[in-house]
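Structure incoming, see below.
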Amino acid sequence: MRNNSGRAWPPYLGFLFLSVWLWAAQIAPAYAESSSCIDDAIRDELNARRRYRGVQKRLFQKAGRHELSVMGGMYAADLLSSSYLVGGAYTFHFTEDLGLEASFGYTQADSALVRIVQNDTSFTAVRLHTNVYIYEGHLLWSIAYGKLRWFSGTVSRFDLFLAFGGGVTDNQTAQGLTGSFGLGMKYFFGDWFALRVDLRDQILQQELIGHSQIVNNLAATLGFSVFLPFDS
């Protein structure tokens, strides 16, 4: 073997080049395999950390459980005076995110003066005082859940949910179908007890002294729930 100047390369240089080439050919696969093992170990560790920091299994389980609720609050009607509202509900949670609720509410429709203006004439209706019964069913959809730390340091878990449904409002001024939607929040304590806050908008047709109108009656309640069975 000769270089560019025409001189021959020393024989030992060729032997050295061949030795280096053979050594590199042997060490490269082993190095690649070692690098692959290191990469796999790093990936497994990162995945483990991600699973630890990610979404955890819910400590308060609702799926397959029955919920009994007692509630009370305020009922604000469009055409009538605001009044108290008491009621109860039964909910079956067939998944962690979805539940079917049947509820009953009682309030009073009260109005001392109802002034109606029609065709440039006006008159005042008589005093109205009647019982109101509300029967409804809702689909509850839990859209988010999290943790809340109270002043004492106690940590409770909560659900934020939407409600879609309807039913019947039975009183002297309205006896017909009622559409209902709203939102609510439940705070869970222990394995079977929860506080709940609900806000519902009830849409129905109401009639007073021959005047019919679509109204939005608001119901805001605070209550508590017991879950069965007691162990989640």
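Please give the length that would be gained between Leu148 and Gln172 if that part of the chain were fully extended, namely 0.36 nm times their separation in residues minus their C-alpha to C-alpha distance (nm, one decimal).
Taking Leu148 through Gln172 to full extension adds about 4.3 nm, to one decimal.
Arrange the following residues from fewest to most other Cβ atoms within 10 Å of their Cβ: Trp192, Trp150.
Trp150, Trp192
Something else: Mind listing the phi-derived Karplus ³J(HN,Hα) values for the stretch 139-148, rounded to whole Hz, using 6.51, -1.76 and 1.60 with θ = phi - 60°, and x for any glycine or proline?
Per-residue couplings from phi come out as 9, 9, 10, 7, 9, 6, 8, x, 10, 9 Hz.
Something else: Can you sort Ser180, Ser212 from fewest to most other Cβ atoms within 10 Å of each residue's own Cβ?
Exposure proxy ranking, most exposed first: Ser212, Ser180.
Within the set of other residues whose C-beta is less than 10 Å from the C-beta of Gly176, count the net charge using Lys and Arg as +1 and Asp and Glu as -1.
Net of charged neighbours comes to -2.
Could I have the simple spin-label model distance between Gln205 and Glu96, label points 7 Å from Cα toward Cβ, reported in nm to one decimal?
In this crude spin-label approximation the distance works out to 4.4 nm.
Could I ask something else about it? Could you derive backbone 3J(HN,Hα) for the stretch 61-76 from the dihedral phi with the Karplus parameters 6.51, -1.76 and 1.60 (θ = phi - 60°), listing whole Hz in sequence and x where the residue is Gly or Pro?
8, 10, 4, x, 10, 9, 10, 10, 10, 10, 9, x, x, 10, 10, 10
Values in this text are rule-based calculations from the coordinates and carry no lab data. This one's a predicted model, so the numbers in the text were calculated from it and none came from an experiment. Backbone-built Cβ (ideal geometry, glycine too); neighbour counts: all protein chains shown.
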